[in-house]
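Step one of this worksheet: look at the structure below.
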Amino acid sequence: ERSESMTLLQTDENLITRADVDEDFKQSIMDAGAESVAVCFQCGTCTGACPSGRRTPYRIRGVVRRAVMGLKEDVISDDSIWMCTTCYECQERCPRGIKIVDIVKIIRNQAAAAGYMAPAHKMTGLFVTKTGHGVPINDATMALRKSVGLDELPPTTHQFPEALEEVQTIIKATGFDNLIGYNWETG
Ligand code: SF4
Ligand code: SF4
């Protein structure tokens, strides 16, 4: 019989044991279409290709490894998972064709549900809720658009403010407002 205290992984800060394995988390990653993660052989090509990892502590190979081991709490509480830019470089180069970015998205969804969303991502969520955009438009952006022959305002909620209501309906229906702590009274 395998002991709960059996060491699975030693990180800089933690000793991870079998008691840390969350089989439901592991299965949720497989169920969401990332079943190919099981064939990861830890070659490190993903980390080598990752532009974010070159500038931050983010190491996608380790994230994939810990996810496939079912180390939910360890992975979702890792601040570095929010440093992925979803550029798909890793996925393009993975020799096993693993849907790495899907895995990152699944992990982030579970991290957000557990209250671990990064402040910068929460802020983007607030802008989307308030304006329908992750990045607010400003005079400089409008001038730049005009200088290259575009309308000052993009054909989004900026041109069609009535569409904001639809955006907010989706945000309420999905509970995203709760995840980012949005207060509909005070904004
Ligand atoms: Fe695993 Fe693919 Fe990354 Fe290699 S490139 S470590 S196979 S996810
Ligand atoms: Fe790195 Fe994310 Fe880009 Fe993959 S998608 S290379 S993990 S930043």
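The values are calculated or read from the model by the stated rules, or taken from the named source; none is laboratory data. In this text, all values refer to a predicted model and were calculated from it rather than measured experimentally. Here the Cβ is made from the backbone with ideal geometry for all residues, glycine too, and neighbour counts use every protein chain on show. Ligands, DNA and RNA are excluded from the accessible area calculation, which covers all protein heavy atoms including side chains. Shrake-Rupley method; radii C 1.70, N 1.55, O 1.52, S 1.80 Å.
The Cys residues in the chain with no partner Cys Cβ within less than 4.7 Å of their Cβ are Cys40, Cys43, Cys50, Cys84, Cys87, Cys94.
Using Cβ point charges alone (K and R +1, D and E -1), the dipole size of the chain about the Cα centre works out to roughly 700 debye. Summarising the label geometry, the points placed 7 Å from Cα in the beta-carbon direction at Asp24 and Ala120 lie 3.2 nm from one another. Taken over the chain, the alpha-carbon convex hull comes to 169 cubic angstrom per residue. Both radii are taken from the alpha-carbon atoms of the stretch 101-187; with Rh as the Kirkwood radius, Rg/Rh is 1.05.
In the chain, the calculated helix contribution to ellipticity at 222 nm averages -12000 deg cm²/dmol per residue, counting -39,500 (n - 2.57) for every DSSP H run with n ≥ 4. Per residue, the chain exposes an accessible area of 60 Å² to a 1.4 Å probe, with every protein chain left in place. Peptide packing: for 151-158, 63-70, 43-50, the average count of neighbouring Cβ atoms within 10 Å per residue gives the ranking 63-70, 43-50, 151-158, highest mean first. Close amide H partners of Thr17, meaning residues 5 or more places away or on another chain with modelled amide H under 5 Å apart, are Leu8. Start at zero, step by 10 Å, and the Cα-Cα distances of the stretch 7-113 spread as 15, 51, 32, 2 percent across the bins. Share of the chain's accessible area from carbon and sulfur, percent, 1.4 Å? Solvent-exposed carbon and sulfur of the chain make up 52 percent of the total.
Kindly express, to the nearest 10 degrees and within the range 0 to 90, the angle between helix 119-131's C-alpha long axis and the longest C-alpha principal axis of the chain. Compared with the principal axis, the helix lies near 30 degrees.
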